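Have a look at the structure below before the remarks.
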Amino acid sequence: MFLKKYFEAFEIGELRTTMGRTITETDIVLHAGQSGDFFPHHMDEEWCKTQPFKQRIAHGTLIFTVAVGLTAQVINEVSMTYGYERLRFTRPVFIGDTISVQVTIANKADHKKPQYGIVTEKVEVFNQHQELVMVCEHLLLVEKQAN
């Protein structure tokens, strides 16, 4: 779906949620191969049994990537990603966990180029128990409506 949502149309507190996505062993293995991160916390089931979580955990970068993908439901033709800030992984995600994302418009500010504004989205990722597993801020560079 394509739309044109200009800076002025974003409302602080505006909220959207995504559908869920279950994290699988295949996700973890593919992500390890693509990223080169074969850290035992993700790949060695027997070693993980000796660790505090007792099972393999998904890569934080995998959870970030899946979460961003879940939020990509609409293409705004007058907006683009400007970056991500304050990324935190607050709980581990295990094989079989289902994550979903809640995005809240947290702030709006002018940009140094007057034809743009910065919209800050608070991105919160929850598991199936509604426990927060990841949080960050997504900055959008958004065109202002021509007057």
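Read the figures in this text as sums done on the coordinates, not as results from a lab. Fair warning: this is a prediction, and the values are worked out from it, not measured in the lab. Note: ideal-geometry Cβ built from the backbone for every residue, glycine included; neighbour counts use all protein chains shown.
A simple charge model with +1 on the Cβ of Lys and Arg, -1 on the Cβ of Asp and Glu and nothing else charged puts the dipole of the chain at about 300 debye relative to its Cα centre.
Checking every one of the chymotrypsin sites (Phe, Trp or Tyr not before Pro) in the stretch 1-106 against DSSP loop status and a limit of 16 other Cβ atoms within 10 Å picks out Y6, F38, F53.
For the chain, report the % of Cα-Cα distances exceeding 19 Å.
Details: 6092 of 10731 pairs.
More than 19 Å apart: 57 percent of the Cα pairs in the chain.
Using DSSP to define loop residues, name the GluC sites (Glu not before Pro) in the stretch 10-112 whose beta-carbon has at most 13 other beta-carbon atoms within 10 Å.
Details: sites: E11, E14, E25, E45, E46, E77, E85; in loops: E11, E14, E77.
Hits after loop and neighbour filter: E11, E14, E77.
Dividing the mean sequence gap of close Cα pairs (under 8 Å, 6+ apart) by how many residues the stretch 2-143 holds gives a relative contact order of 31 percent.
Taking a straight line from the alpha carbon of K5, these lysines sit under 19 Å away, with near neighbours fewer than eight places off in the same chain left out: K108, K113, K122, K144.
Stretch E46-E137 to full length: gain in nm at 0.36 nm per residue minus the Cα-Cα span? Before the final figure, lay out the partial values.
Numbers: separation 91, 0.36 × 91 = 32.76 nm, distance 3.54 nm.
Net length gain for the segment: 29.2 nm.
Treating r as the C-beta distance of E14 and R86 and R0 as 25 Å, the FRET efficiency rounds to 0.80.
Sparse packing (at most 14 other Cβ atoms within 10 Å of the Cβ) combined with a DSSP loop state is found for the following trypsin sites (Lys or Arg not before Pro) in the stretch 1-77: K4, K49, K54.
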